[in-house]
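J.: Submitted below is the structure of interest, expressed as structure tokens.
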Amino acid sequence: MKRSKALTILRNGLLDENPTFRLVMGMCPTLAITTSVANGFGMGMAATFVLIFSNLFISMLRNFIPSKVRIPAYVVIIATFVTMAELFLEAYAYSLYESLGVFIPLIVVNCIILARAEAFASKNTPLYSALDGLAMGLGFTGALVIISAIREILGSGTILGFHLFGANFQPALMVSSAPGGFITLGLILGFINWMTNRKGGNKE
Amino acid sequence: MYVSPSPHIRAGTSIRRIMLDVVLALLPACAVGVVMFGWNALLLLCISVLTAVVTEAVITRLLRKPASVGDLSAVVTGLLLGMNLPATAPWWVAVVGSAFAIAIVKMAFGGIGCNFLNPALAGRAVLLACWPAIMTAWKDPFAAVDAVASATPLAAMKAGEIPDLLNLFLGKTGGCIGEVSAAALLLGAAYLLLRGVINLRIPLSYILTVFVFTLAVSRFNLTYAVAQLLSGGLILGAFYMANDYTTSPITPLGQIVMGIGCGLLTVIIRQWGGYPEGVSYSILLMNLAGPLIERATRPLVLGEKMKNPFKKKEAGKNA
């Protein structure tokens, strides 16, 4: 494995092509479950696990899957690992399993995973593909943790369940409901675009 | 405001002059609010205006845009938001609401003339969604202590009582700081009409719709219908917020459609909704419908034939 290529893959997943903030993919779990850091982190980790192994296996099988039926084939592989993740969470992290609810099985149709299978794993060797899955998964996790930290602090006044402020603090209920998710995500995206434009502007 | 096709004659009006007129028109209602509810009302109004102005100044500075604080539109937004708060609210509620109204609703979409929602109302809606208990803690007029007191007239009417009409008209009633006195609000509206700042299309069609619809719903109970007109934020919303230049249609017919739509939604929310008051949500909803209304009521260019504005152009043609 070449070091420079590996570094590029990592950098792409975490920053330049961050699935949430740069590619704006996987919005459904991003908006729905980022009400607490624990949920955001758990979701990110489950998706990372699925991404690594689905990328790895799809890459290994890439020369055997006929291109006409590749999407069903990918979905079967992805669904296998999602089922494993779901059973694992149900067995060992039941409260997380409860609060993530339907969004765990929905990882199957998470467009980040299908997109990486199609755009990366089907064209690259297994090791690079697994690394890409790791980088993208960590990028997704990082983004979820950032969003959910903002929403948990403002919407419930806690971080990872610990109360941050005194008893007089009145949390802004809207931030932990759906509109708060949209507004938080929109503001972060706007801020990142603004930063990127400023950087680009200085170069010229 | 009706924008006719060119050529135009330049008048001496400016945004600043118009906004100054609006502030002057709002002052009597603010004064009544402060007299009724005490010093905390004045404090909330001042903090709200100050936050709006500071937020706009900071944002224009950060984004290196031309400073727009001088046009006084931020003052109007801050003042309207303050008038939409209950007098018992803590000071930071005014700060959050005002900053949200200016930073997110107005400046994030491009500043004055570009926002698609009325900033003050959107700020109020956010506050209501964030802190419902604080935003509905009403105070009796002239109450010495900050006790949470009786219901607003609208809530009382939902329970089946009809409050005294004269008290409603003058403002001796519970409610938001700036909405209680119909008399003071109408005085300001008359000034704005004389100055030519507003026209009657939206306010009148709005209020008439509410009146007629309420009359029909209440089986022609005239006292009840008049009480519904005078209570809640209807007068404030109809004369000062529904006809906001930026967020209401510019076509005359469209303005009437906007007024009627606001009226229908207000009565529906008031009569059958979970909230006692529906003025702010109905105006916000009609703000969203604004572009559609404008498209449907666009005047014809000389010689143009009437056609369905919502029909898609046939593929291939005019491409």
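J.: Of all the residues that make up the stretch A:164-183, how many are out of contact with any Ser or Thr (no Cβ under 7 Å at 6 or more places or on another chain) and away from chain B (no Cβ under 11 Å)?
T.: Total meeting the criteria: 4.
J.: Can you pull out the residues in the stretch A:1-16 that are without any contact (Cβ under 8 Å) to a residue 60 or more places away in the chain and within 27 Å of A:Leu106 (Cβ to Cβ)?
T.: If the condition is that a residue be without any contact (Cβ under 8 Å) to a residue 60 or more places away in the chain and within 27 Å of A:Leu106 (Cβ to Cβ), then A:Asp16 is the only one that fits.
A quick yes/no check of all residues on (1) in contact (Cβ under 8 Å) with a residue 24 or more places away in the chain; (2) in contact with an Asp or Glu (Cβ under 8 Å, 6 or more places away or on another chain); (3) surrounded by fewer than 20 Cβ atoms within 10 Å (Cβ to Cβ):
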site	(1), (2), (3)
A:Ile52	yes, no, no
A:Asn55	yes, yes, no
A:Leu61	no, no, yes
A:Phe64	no, no, yes
A:Lys68	no, no, yes
A:Tyr92	no, no, yes
A:Ser99	yes, no, yes
A:Val102	no, no, yes
A:Asn110	yes, no, no
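J.: Suppose we filter A:Thr158, A:Thr141 for residues that are modelled with pLDDT of 95 or more and more than 14 Å from chain B (Cβ to nearest Cβ); which single one remains?
T.: On the way: A:Thr158 fails: modelled with pLDDT of 95 or more.
On inspection, the qualifying residue turns out to be A:Thr141.
J.: Name every residue in the stretch A:17-38 that is open to solvent by less than 20 Å² (accessible area, probe 1.4 Å) and closer than 18 Å to A:Leu106 by Cβ, in order of residue number.
T.: Residues satisfying the conditions are A:Pro19, A:Thr20, A:Gly26, A:Pro29, A:Thr30, A:Ile33, A:Thr34.
J.: Right, B:Gly123: in contact with a Phe, Trp or Tyr (Cβ under 6 Å, 6 or more places away or on another chain) and either under 19 Å from B:Val279 (Cα atoms) or among the aromatic types (Phe, Trp, Tyr) (or both) or not?
T.: Yes.
J.: Working carefully through the options A:Phe81, A:Phe57, A:Phe21, A:Phe49, find the one that is within 30 Å of A:Phe162 (Cα to Cα) and not in a loop (DSSP other than H, G, I, E, B).
T.: Values: A:Phe81 fails: within 30 Å of A:Phe162 (Cα to Cα); A:Phe57 fails: within 30 Å of A:Phe162 (Cα to Cα); A:Phe21 fails: not in a loop (DSSP other than H, G, I, E, B).
Just a single option satisfies the conditions, and that option is A:Phe49.
J.: For the stretch B:10-49, how many residues are among the small types (Gly, Ala, Ser) and surrounded by 21 or more Cβ atoms within 10 Å (Cβ to Cβ)?
T.: Taking the stretch B:10-49 as the starting set, the residues that turn out to be among the small types (Gly, Ala, Ser) are B:11-12, B:14, B:25, B:29, B:31, B:33, B:38, B:41, B:48.
Imposing the further condition that a residue be surrounded by 21 or more Cβ atoms within 10 Å (Cβ to Cβ) reduces the set to B:25, B:29, B:33, B:41, B:48.
Of the residues in the stretch B:10-49, 5 are among the small types (Gly, Ala, Ser) and surrounded by 21 or more Cβ atoms within 10 Å (Cβ to Cβ).
J.: Kindly list the number of the only condition in (1) modelled with pLDDT under 90; (2) touching an Asp or Glu at 6+ places or on another chain (Cβ under 7 Å); (3) of a type in the set (Val, Ile, Thr) that fails for B:Ile134.
T.: Among (1) modelled with pLDDT under 90; (2) touching an Asp or Glu at 6+ places or on another chain (Cβ under 7 Å); (3) of a type in the set (Val, Ile, Thr), B:Ile134 violates only (2).
The values are calculated or read from the model by the stated rules, or taken from the named source; none is laboratory data. Predicted model, so just to flag it, every value in this text is computed and none were measured. Ideal geometry is used to build each Cβ from the backbone, glycine not excepted, and the neighbour counts take in all protein chains shown. Each accessible area value is taken on the protein alone, full model and side chains, heavy atoms only, with ligands, DNA and RNA left out. Shrake-Rupley method; radii C 1.70, N 1.55, O 1.52, S 1.80 Å.
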